[in-house]
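First the structure, in the form of structure tokens, and then the observations on it.
The values are calculated or read from the model by the stated rules, or taken from the named source; none is laboratory data. Source: prediction; values computed, not measured. Cβ sites come from the backbone with ideal geometry, for glycine too, and all protein chains shown count toward neighbours. Side chains are part of the model used for accessible areas, which takes the heavy atoms of the whole protein and leaves out ligands, DNA and RNA. Shrake-Rupley method; radii C 1.70, N 1.55, O 1.52, S 1.80 Å.
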Amino acid sequence: MFTLNCNGRLLVINKPIVMGILNITPDSFYSGSRMQDTDTILQVASEMLKEGATILDIGGQSTRPGSVRLLAEEELKRVLPVIESIHKKFPDAFISVDTYHASVAEQAMRQAHQSLMI
């Protein structure tokens with residue numbers, strides 16, 4: 001069993017769980033997973049949660065072969081609005097961020113924490 005404290009909420013993992021992947025990038029490896037407008041992102045997130053996803057993972061940077069690595073600032077422009085929108089619509093959802101940049105992870109945590117305080 002694994003337990004993770006997420007801003008005071010416990011995520012207890014005692015069986016396999018599902019992570020829904022939200023690719024917020026125009027050049028994701030799989031074209032069917034590319035999303036950029038908020039309405040589509042929230043609709044897909046809703047479907048994932050209804051179908052049993054425990055965590056919604058947000059990726060703002062493609063990792064496909066030959067992709068160009070983004071600077072943290074550009075990745076933040078992609079992921080922070082999505083975190084805020086998902087938090088507002090699905091306040092109980094666990095969110096993770098797929099990133100290479102420590103600064104993106106830090107800002108994502110701050111964004112999530114601020115959303116909880118509002």
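If you take the beta carbon distance between Lys77 and Gln43 as r and set R0 to 30 Å, what does 1/(1 + (r/R0)^6) give as a FRET efficiency, to the nearest 0.05?
It comes out at approximately 0.90.
With each label point set 7 Å from Cα along the Cα-Cβ vector, what nm distance links Lys50 and Arg9?
Label at Lys50, label at Arg9, 2.0 nm between them.
Restricting to the chain, compute how many DSSP beta bridges are antiparallel as a %, nearest 5.
30 percent
Provide the gained length on full extension for the span Ile17 to Met1, in nm with one decimal, where the gain is 0.36 nm per separating residue minus the Cα-Cα distance.
4.6 nm
Using alpha carbons only, how many degrees (0 to 90, rounded to 10) separate the axis of helix 72-89 from the longest principal axis of the chain?
So the inclination is approximately 40 degrees.
So what's the chain giving for Rg/Rh, alpha carbon basis, Kirkwood Rh from the mean inverse pair distance?
So for the chain, dividing Rg by the Kirkwood Rh gives 0.95.
Rounded to the nearest percent, how much of the accessible area of the chain (1.4 Å probe, protein heavy atoms only) is carbon and sulfur?
Using a 1.4 Å probe with all protein chains present, the chain comes out at 55 percent carbon and sulfur.
Heavy-atom accessible area per residue, region 36-118, 1.4 Å probe: how many Å²?
Dividing the accessible area of region 36-118 by its residue count gives 60 Å².
Give the residue list of chymotrypsin sites (Phe, Trp or Tyr not before Pro) in region 1-110 that are DSSP loop and have at most 15 other beta-carbon atoms within 10 angstrom.
When the chymotrypsin sites (Phe, Trp or Tyr not before Pro) of region 1-110 are filtered for loop state and at most 15 Cβ neighbours within 10 Å, Phe29, Tyr30, Tyr100 remain.
Once the Cα atoms of helix 102-117 and of the chain are each reduced to a long axis, what angle between those two axes, in degrees from 0 to 90 to the nearest 10, is obtained?
50 degrees
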